[in-house]
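Asks: What follows is a single structure, and I will ask about it in a moment.
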């Protein structure tokens with residue numbers, strides 16, 4: 001038991017005295033990039049996940065609402081078993097401790113990525129999600145996310161400055177591309193550290209509370225150009241083409257693959273700019289420095305995309321001359 005933390009004491013008191021559960025063990029279940037914490041609790045010999053989301057920092061109501069939406073769409077998210085809105089506690093089904101990331105290798109990846117892409121399809125096709133009153137991934141949000149790159153990564157972490165006109169042009173290219181795409185439900189963090197491999201071989205989906213309606217390719221690029229593991233361009237294109245064909249059959253896309261690939265590349269660049277900023281902020285503000293080791297891979301994705309599109313070559317040169325040498 002962990003008994004020197006007031007939040008945990010309060011959590012256990014809720015489980016034992018309000019929910020009338022017999023809790024025999026409580027231990028940390030995972031780290032999180034937010035203020036949420038997760039604990040694995042044992043109740044009558046069975047394990048569950050208890051979420052601790054301090055109400056002054058996190059609101060669990062959207063988590064509960066979106067979890068219900070996803071369940072209606074047959075998306076495999078944990079069952080919500082008990083909730084305490086005032087204190088910010090949830091008791092959830094335990095999806096175990098096998099991240100997709102832990103299970104990936106050259107032999108397992110084809111099957112696991114096919115499964116992950118198959119599980120993504122309901123987010124892009126199910127009417128419950130497409131018609132939900134979710135926030136929009138609009139220009140304001142896209143700009144706010146990319147501002148994290150400028151503020152936290154370039155300025156605060158590297159003590160550099162982005163050329164204003166160049167940066168304005170890059171943002172406009174990425175925003176225009178994102179807003180031209182078909183609008184679907186976007187998980188926003190669909191990657192190998194939010195997908196769990198379950199004992200029956202299926203995948204469990206976590207960390208979905210920030211879902212929005214936005215660009216089709218966002219979750220696809222989050223998965224295939226993951227900040228925590230990378231694959232060859234050839235392998236990524238194979239998976240991408242396969243999923244593109246599924247989307248065409250479902251009548252989600254009408255464009256050709258070249259257009260779809262451009263959307264994918266530029267959406268990935270927007271995401272990876274944001275993620276570099278988030279990783280820097282986690283280090284500088286939240287003392288979570290383990291994310292720094294994923295920045296080189298994330299930056300490499302950005303540079304490669306810039307190299308593929310002439311309108312981004314100037315930004316590529318700036319990154320190579322001013323950013324890459326400082327971020328190693």
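Here, each number is a calculation from the coordinates, and none is a lab measurement. These numbers come from a predicted model, not from an experiment. Heads up, the Cβs are rebuilt from the backbone with ideal geometry, glycines too, and the neighbour counts pull from every protein chain shown.
Asks: With a Förster radius of 25 Å, plug the Cβ-Cβ distance of residue 158 and residue 101 into 1/(1 + (r/R0)^6) and report the FRET value to the nearest 0.05.
Replies: 0.35
Asks: So how tilted is helix 109-125 from the main axis of the chain? Cα-based, degrees 0 to 90, rounded to 10.
Replies: 90 degrees
Asks: A further question follows. Can you sort 16, 127 from fewest to most other Cβ atoms within 10 Å of each residue's own Cβ?
Replies: 127, 16
Asks: Tell me, what is the FRET efficiency for residue 324 and residue 233 to the nearest 0.05, using R0 = 30 angstrom and their Cβ-Cβ distance as r? Working shown, then result.
Replies: Numbers: r = 19 Å, r/R0 = 0.64.
For R0 = 30 Å, the calculated efficiency reads 0.95.
Asks: At what distance in angstrom do the alpha carbon centres of segment 116-194 and segment 258-299 lie from each other?
Replies: Result: 11 Å between the Cα centres.
Asks: Shifting gears a bit: Roughly how tilted is helix 257-284, in degrees to the nearest 10 and between 0 and 90, from the longest Cα axis of the chain?
Replies: 60 degrees
Asks: What do you get for the angle between helix 60-72 and the principal long axis of the chain? Use alpha-carbon atoms, 0 to 90 degrees, nearest ten.
Replies: Around 80 degrees separate the two axes.
Asks: If I model a spin label at residue 151 and residue 248 as a point 7 Å from the Cα along the Cα→Cβ vector, what separation in nanometres do I get?
Replies: 4.2 nm
Asks: So how do 58, 202 line up by other beta-carbon neighbours within 10 Å, fewest first?
Replies: 202, 58
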